[in-house]
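Quick notes on the structure that follows.
The values are calculated or read from the model by the stated rules, or taken from the named source; none is laboratory data. The model shown is predicted, which means the values in this text are computed figures rather than measured ones. Neighbour counts are summed over all protein chains in view; Cβ atoms, including those assigned to glycine, are modelled from backbone coordinates with ideal geometry. The protein model used for the area step is the full one, side chains on, heavy atoms only, and it has no ligands, DNA or RNA in it. Shrake-Rupley method; radii C 1.70, N 1.55, O 1.52, S 1.80 Å.
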Amino acid sequence: MAEIYIPTLHTFAMNNVFTGSCGDLRFKITPKVTKKNSKEVDFEASSMDVEIWHGLFCYEKSEIEDSKNFPMSDQGRSELIAFLNQCI
């Protein structure tokens with residue numbers, strides 16, 4: 001089985017949306033970033049929303065099958081990867 005790539009938390013802390021795939025699984029991860037001040041991210045208050053679908057089509061042309069929210073932490077990132085692996 002192919003390994004699912006998920007970027008580092010820093011990528012999400014910069015408000016970057018990430019889309020990826022593994023086989024016919026497709027997913028989109030959207031960060032919800034809360035800041036402590038103008039420069040510092042409050043990781044405890046921030047989270048990542050993941051939406052999944054299967055098929056050949058892009059996000060806009062697909063029906064979302066499931067969505068879930070994970071904390072923006074190392075543990076949350078690990079749980080997100082485990083969730084995606086269950087969906088393959």
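In the stretch 13-88, counting only strands (runs of 3 or more DSSP E) that sit wholly within it, the ones holding 1 or more residues that are closer than 17 Å to Glu3 by Cα span 18-22, 25-32, 47-54.
Quickly run through the stretch 37-52 and pick out the residues that are of a type in the set (Asp, Glu) and surrounded by 11 or more Cβ atoms within 10 Å (Cβ to Cβ). Steps first, please.
First, pick out the residues of the stretch 37-52 that are of a type in the set (Asp, Glu): 40, 42, 44, 49, 51.
Result: Asp42, Glu44, Asp49, Glu51.
Based on what the data block shows, is Ala2 outside any strand (DSSP E or B), modelled with pLDDT under 95 and open to solvent by less than 70 Å² (accessible area, probe 1.4 Å)? So Ala2 fits the description; yes. Pairs linking a residue in the stretch 62-80 that is farther than 17 Å from Lys32 by Cα to a residue that is open to solvent by less than 80 Å² (accessible area, probe 1.4 Å) and aliphatic (A, V, I, L, M), with Cβ atoms under 7 Å and 6 or more positions apart or on different chains, are Glu65/Ile52; Asp66/Ile52. Gln75 passes every criterion in (1) touching a strand residue (DSSP E or B) at 6+ places or on another chain (Cβ under 8 Å); (2) open to solvent by 40 Å² or more (accessible area, probe 1.4 Å) apart from (1).
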